[in-house]
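The values are calculated or read from the model by the stated rules, or taken from the named source; none is laboratory data. All of these numbers come straight from a predicted model, not from anything done at the bench. Cβ placement follows ideal geometry from the backbone for every residue including glycine, while neighbour counts extend to all protein chains displayed. For accessibility, only protein heavy atoms count, side chains too; no ligands or nucleic acids. Shrake-Rupley method; radii C 1.70, N 1.55, O 1.52, S 1.80 Å.
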Amino acid sequence: MAVEQTFSIIKPDATRRNLTGKINAKFEEAGLRIVAQKRIQMTKQQAEKFYEVHAARPFYGDLVSFMTSGPVVVQVLEGENAVARNREIMGATNPANADAGTIRKEFAESIEANSVHGSDSLENAKIEIAYFFAGTEIVG
Ligand code: UDP
């Protein structure tokens, strides 16, 4: 297994409920290192472009509104097999289907307000990291 970096977002439903530390503990307990992190207010334009792949889906407009409804914490997580490992820790998109112990099972409010984003491939991780971070902001 290779050491990888993946991109993560702690979403507005989680920052609103002061869950940043509890979610970060899940990553760290699973062996992922937080090698970059910042709290930002995403603009409508940033959220639209980030979720462009879903532009034709019925939930797109609501998703953009949700992601801009409050602060988010954008992060780079590093570790063995980090992309797949983070998807395991996050759990299924719909918290109703998420396994026990996952972030979404424990914290998500709904299929939309599901507390975290995580890249779904190494290729997308690279694109998403570069969208939010300069190389100098990532310190492994
Ligand atoms: N989403 C939603 N309704 C849906 C499916 C997805 O609001 O029916 C939102 C949800 O916040 C999800 C995001 O859109 O995390 C991106 O969807 P994707 O299918 O890529 O899920 P993920 O990779 O985040 O598990």
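Couple of notes before you dig in:
- When the stretch 61-87 is limited to residues that are surrounded by fewer than 20 Cβ atoms within 10 Å (Cβ to Cβ) and without any contact (Cβ under 8 Å) to a residue 24 or more places away in the chain, the one that is nearest to Ile129 (Cα to Cα) turns out to be Ala84.
- Of all residues in the stretch 107-125 being open to solvent by 100 Å² or more (accessible area, probe 1.4 Å) and under 23 Å from Arg16 (Cβ atoms), the one that is farthest from the ligand (Cβ to nearest atom): Glu109
- Scanning the stretch 1-18 for residues that are over 25 Å from Asn81 (Cβ atoms) and part of a loop (DSSP other than H, G, I, E, B) yields Arg17, Asn18.
- Near pairs, Cβ below 8 angstrom, 6+ apart or cross-chain, from the stretch 15-30 (under 11 Å from Leu77 (Cβ atoms)) to any residue that is of a type in the set (D, E, K, R) and crowded, with 18+ Cβ neighbours inside 10 Å: Ala30/Arg85
- Test for Glu78: is it more than 11 Å from the ligand (Cβ to nearest atom) and in contact with a strand residue (DSSP E or B) (Cβ under 6 Å, 6 or more places away or on another chain): yes
- Residue-level check: of (1) open to solvent by 80 Å² or more (accessible area, probe 1.4 Å); (2) within 12 Å of the chain's Cα centre (by Cα); (3) more than 10 Å from the ligand (Cβ to nearest atom), Asp99 misses just (2).
- Filtering the stretch 36-59 to residues that are surrounded by 11 or more Cβ atoms within 10 Å (Cβ to Cβ), in a helix (DSSP H, G or I) and either on the phi > 0 side of the Ramachandran plot or near the ligand (Cβ under 8 Å from one of its atoms) (or both) leaves only His54.
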